[in-house]
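Contents: one structure, followed by commentary.
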Amino acid sequence: MTTIREEDFIQSVADAFQFISYYHPVDYIKSLHEAYLREESPAAKDAMAQILINSRMAAEGHRPICQDTGISIAFIRAGMNVRWDTRRSLEDLVNEGVRRAYTDKDNPLRASMLADPDGKRKSTGDNTPAVTHVELVPGDTVEVIVAAKGGGSENKSKFACLLPSDSIVDWVLGLVPTMGADWCPPGILSLGIGGSPEKAMLIAKWGMMEPINIHELKARGPKTRGEELRLELFEKVNALGIGAQGLGGLTTVLDVKVSEYATHAASKPVALLPNCAATRHAHFVLDGSGPAELDPPSLAD
């Protein structure tokens, strides 16, 4: 039986939130660079260049990619054969990791979390509490995904309970132009379709953490309705011409994700969540051998 020690888990979470504050995922950088090479609009091309240069500077200097260092989110898939060497709740362990990361003296991060959200709205001072989601799954390891989502993209989250006959494509294409550039494109749009309202939102957020692979899908062709939606929305959203930072151009989204779940016969709940140019997430697995080791991307990338 695997034993996960309290300190290993906390330090892994803290290291991961520091890591994503200054390292973009390499798949995002490569996809953005390809879009930069294709771009025809001088303004959009310049905006992409600034994002790429900023990314390099953040990686070299270990300083935040964006001044909005986000709401801390943790997705945890805990193996049911795992034993926890702690007296604290899993949520408390995540919060302690976030606290360490956001108050790190070498790279302090902005504490955006406010208590009393409809009242005094006072900062908690350390970006806690995080938003933590836990699943119990077969196995003897703990898989963790941490993400930092900025307010600009989170504020553009959309949800609707559509009728079964309604077009999701029409719904998305009607919404995206109203979102402006506040969600900081080029980024990713992630849809959650089905389940209940809260399930649709959750699977959309999960889907956002998947690798950027739309061009691989385009090359092999769709096999499911969800994959057909991804390709159709990718082409049609980019055809809107919103472009990088809303300056016009060929690329508004680098990928579209679609996650599905069975739903009620009378329902079609749909969530639409954007991820911004500071797409920050890291994945690690704990197997009881110690804290996670996150490999920095190559500066060549």
Could you state the angle between the C-alpha long axis of helix 6-22 and the longest principal axis of the C-alpha atoms of the chain, as a value from 0 to 90 degrees rounded to the nearest 10?
30
Distance between Cα centroids, the stretch 188-227 to the stretch 8-46: provide it in whole Å.
19
At a Cα cut-off below 15 Å, give the aspartates and glutamates reachable from Lys105, other chains included and same-chain residues fewer than 8 away excluded.
Asp15, Asp126
Using Cα springs under 10 Å in a Gaussian network model of the chain, which residue among Glu60, Glu96, Glu260 shows the largest mean-square fluctuation?
Glu60
Rounded to the nearest 5, the percent of antiparallel DSSP beta bridges in the stretch 3-286 equals 60
List every residue whose amide H lies under 5 Å from the amide H of Lys149, counting only residues 5 or more places away in sequence or on a different chain, with H placed 1.01 Å from N in the peptide plane.
Ile71, Ile73
Label points 7 Å out from Cα along the Cβ direction at Val26 and Leu299: separation in nm?
1.6
Set of lysines near Lys268 by C-alpha distance (under 29 Å), chain-local residues within fewer than 8 positions excluded:
Lys149, Lys156, Lys158, Lys199, Lys205, Lys218, Lys223, Lys236, Lys257
Indicate the gyration tensor shape class of the stretch 3-286 (rounded, prolate or oblate), computed on the Cα atoms with a ≥ b ≥ c the square roots of the eigenvalues: a/c under 1.5 is rounded; otherwise a/b larger than b/c is prolate and the rest oblate.
oblate
Across Tyr102, Tyr22, Tyr261, the residue with the highest GNM fluctuation in the chain (Cα network, 10 Å cutoff) is Tyr261
Helix-only mean residue ellipticity at 222 nm, the chain, DSSP H runs n ≥ 4 weighted -39,500 (n - 2.57), per residue, nearest 500. What is it?
-11000 deg cm²/dmol
Which of the peptides 108-121, 174-187 is most tightly packed, and how do the rest follow, judged by the mean count of other Cβ atoms within 10 Å per residue?
174-187, 108-121
Taking 8 Å as the Cα distance limit and 6 or more residues as the minimum spacing, I'd like the relative contact order of the chain as a percentage.
28
Between Glu60 and Leu231, what FRET efficiency follows from the Cβ-Cβ distance if R0 is 35 Å, with the result rounded to 0.05?
0.45
Stretched fully, the stretch from Leu240 through Ser167 gains (0.36 nm per residue minus C-alpha distance, one decimal, in nm) 24.5 nm
Added length on full extension, which subtracts the Cα-Cα distance from 0.36 nm per residue, Met1 to Ala262
90.6 nm
For the chain, which cysteines have no second Cys with its Cβ under 4.7 Å from theirs?
Cys66, Cys161
Spin-label pair Met80/Glu40, simplified geometry with 7 Å Cα→Cβ offset, distance in nm
5.6
Would you kindly state how much longer the chain becomes between Thr178 and Asn213 on full extension, computed as 0.36 nm times their sequence separation minus their alpha carbon distance, in nm to one decimal?
10.0 nm
Listing Phe17, Phe234 from the residue with the fewest other Cβ atoms within 10 Å to the one with the most, what is the order?
Phe234, Phe17
Fewest to most neighbouring Cβ within 10 Å: what's the order for His24, His264, His33?
His264, His33, His24
Expressed as an acute angle from 0 to 90° and rounded to the nearest 10, what is the orientation of the C-alpha long axis of helix 90-102 relative to the principal long axis of the chain?
80
For the Cα atoms of the chain, what angle does the longest principal axis make with the long axis of helix 26-38, in degrees from 0 to 90, nearest 10?
20
Output the Cα-based Rg and Dmax of the stretch 176-234 in Å, rounding Rg to one decimal and Dmax to a whole number.
12.7, 34
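Bear in mind these aren't lab numbers, they're just calculated from the coordinates by the rules spelled out. The model shown is predicted, which means the values in this text are computed figures rather than measured ones. Note that we place each Cβ from the backbone using ideal geometry, even for glycine, and neighbour counts take in every protein chain shown.
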